[in-house]
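Take a look at the structure below.
The values are calculated or read from the model by the stated rules, or taken from the named source; none is laboratory data. The shown structure was predicted, so the numbers you read here are calculated from the model rather than taken from an experiment. Here the Cβ is made from the backbone with ideal geometry for all residues, glycine too, and neighbour counts use every protein chain on show.
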Amino acid sequence: MELEVAARTDVGCQRTNNEDSFGYWSSAKEMPADACVAVIADGMGGHQAGEQASRIAVDTIIQTFRDTVTVGNIPELQPQALLMSALDKAHHAIRDQAERNPEFNGMGTTCTAAAIIGGWLYFVHVGDARLYLIRSDEIQRLTRDHSYTGRLVESGMLSAEDAERHPRRHILTAALGIGDEVQADSSEKPIQLRNSEVLVFCTDGLWGLVSDAEIQAAVIGNSAESACQELVALARERGGPDNITVQILRAVGE
């Protein structure tokens, strides 16, 4: 399966530094195999700690995946276990960095990572960055928000619409680098990707200002690059109080 890949990150309209990070790696660049990994992260901690946390997460996950794929036999991989192991490594790498540098105490990051192997999608997730799947003119959110409002929605105490505007919607209940163990979700079973289906990764700086329907509309009929530009521009037009990051993967071959 071939993928059209694009990404865009923007500091937003009210921040002075960008604590978001993203990354992508495909085995096609190094070996004749069908495997790739994409990651997006939104750091926190201030004083450049958030920037470091998100970058550590992205780099660690991609490097772990890459090292395993390039020395192993892809048909024998256990992608879900590999992603969870990479997420755990990133969690401890962030904690180690904070322990070595007291000024980074409390650093952490959201993280959503997905692997596509042989046309099958696997993902892991912690925090409130989101992964969407667009197929057959429908958009489906594959991840759930690990946040204060996310818990209220799941318990039936708050509607999804009200959660988008709730003043405490940015309070996280799980993040990499925070706590002893990673509290992560993962795909229950792999999802088969087909031609023209699209994956959209985004941080809350985007989805907090742009609706699911608007994300879908931007993606359909546009190239991945044009869709990224349109979505970031839309978030900026609405004030852009946070960093804005989006990464799009479109399946263009079977």
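Numbers for the structure displayed
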read-out: Residues of the range 117-128 that turn out to be at pLDDT 95 or above and either within 24 Å of Gly221 (Cα to Cα) or surrounded by fewer than 24 Cβ atoms within 10 Å (Cβ to Cβ) (or both), as a count; value: 2
read-out: Condition met for Gln229 (in contact (Cβ under 8 Å) with a residue 12 or more places away in the chain, over 26 Å from Leu77 (Cα atoms) and more than 17 Å from the chain's Cα centre (by Cα)); value: yes
read-out: Of all residues making up the range 88-108, the number that are touching a helix residue (DSSP H, G or I) at 6+ places or on another chain (Cβ under 8 Å) and surrounded by fewer than 24 Cβ atoms within 10 Å (Cβ to Cβ); value: 8
read-out: Filter result for Leu249 (at pLDDT 95 or above and farther than 19 Å from Leu193 by Cβ); value: no
read-out: Of all residues making up the range 226-254, the number that are in a loop (DSSP other than H, G, I, E, B) and of a type in the set (S, T, N, Q); value: 1
read-out: Single residue of the range 213-225 satisfying the filter (part of a helix (DSSP H, G or I) and in contact (Cβ under 8 Å) with a residue 12 or more places away in the chain) that is surrounded by the most Cβ atoms within 10 Å (Cβ to Cβ); value: Ile215
read-out: In the range 129-156, residue farthest from Ala90 (Cα to Cα) [restricted to those that are of a type in the set (S, T, N, Q) and at pLDDT below 95]; value: Ser136
read-out: Single match in Gly208, Gly240 (criterion: at pLDDT below 95 and buried (at least 18 other Cβ atoms within 10 Å of the Cβ)); value: Gly208
read-out: Residue under evaluation Ile62, criteria (1) touching a Phe, Trp or Tyr at 6+ places or on another chain (Cβ under 8 Å); (2) of a type outside the set (Gly, Ala, Ser); (3) closer than 25 Å to Glu103 by Cβ; (4) at pLDDT 95 or above, criterion not met; value: (3)
